[in-house]
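Enquirer: Submitted below is the structure of interest, expressed as structure tokens.
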Amino acid sequence: AQIVRDPQAIAEAERLILPGVGAFRDAIAELRRLQLVEPLLDYIRADRPFLGICLGLQLLFDVGYEDGEWTGLGAFPGDVVRFPQSATLK
């Protein structure tokens, strides 16, 4: 396993995991800053082995509403929203 920041390393990967801890806004901004958005989308569109974990999965959707409204990667249609405060989950 390797942590990569180079777009070419994504294209060459056999398998790819996009983990995530943190805020949607900051994570998507960092992917854009590192110019990893298009390589990630190309990898996913090629139907190659991919796993998004936690925020890494949320970033794949159209929009995230954590601390505002942020455009995601758009690999999957849909919005990432928080459960209402009144929701009781068991």
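Enquirer: Hey, what number do you get for the chain at 222 nm if only DSSP H runs of n ≥ 4 count, each worth -39500 (n - 2.57), divided across all residues, to the nearest 500? Show your work: numbers first, answer last.
Expert: On the way: 4 runs with 29 residues, N = 90.
The per-residue figure over the chain is -8000 deg cm²/dmol.
Enquirer: While we're looking at this one, here's another question. In whole Å and largest first, what semi-axes does the C-alpha gyration tensor of the chain yield when each eigenvalue is scaled by 5 and square-rooted?
Expert: For the chain, the ellipsoid semi-axes come out as 25, 14, 12 Å.
Enquirer: What accessible area per residue comes out for region 1-67, rounded to a whole number of Å², with a 1.4 Å probe?
Expert: 66
Enquirer: Then there's this: Given the chain, what percent of its DSSP beta bridges are antiparallel, to the nearest 5?
Expert: About 25 percent, rounded to the nearest 5.
Enquirer: Also, quick follow-up: Please arrange Leu36, Leu51 by accessible surface area, largest first, computed with a 1.4 Å probe and ligands excluded. Write down the numbers at each step before the final one.
Expert: On the way: Leu36 10, Leu51 90 Å².
Result, largest first: Leu51, Leu36.
Enquirer: Continuing with this model, one more query. Which of the trypsin sites (Lys or Arg not before Pro) across region 8-48 are loop residues per DSSP, with 13 or fewer other Cβ within 10 Å?
Expert: Listed in order of number, the matching sites are Arg15.
Enquirer: Let me ask something additional. Report the calculated FRET efficiency for Arg32 and Phe83 (r = Cβ-Cβ distance, R0 = 30 Å), to the nearest 0.05.
Expert: The pair Arg32/Phe83 has a calculated efficiency of 0.65.
Enquirer: Would you work out what percent of the accessible area of the chain, with all protein chains in place, is carbon or sulfur (probe 1.4 Å)?
Expert: 54
The values are calculated or read from the model by the stated rules, or taken from the named source; none is laboratory data. Predicted model, so just to flag it, every value in this text is computed and none were measured. Methodologically, a virtual Cβ is constructed for each residue, glycine included, from the backbone with ideal geometry; neighbour enumeration extends over all protein chains shown. Just so you know, the surface numbers come from the protein's heavy atoms only, side chains and all, with ligands and any DNA or RNA stripped out. Shrake-Rupley method; radii C 1.70, N 1.55, O 1.52, S 1.80 Å.
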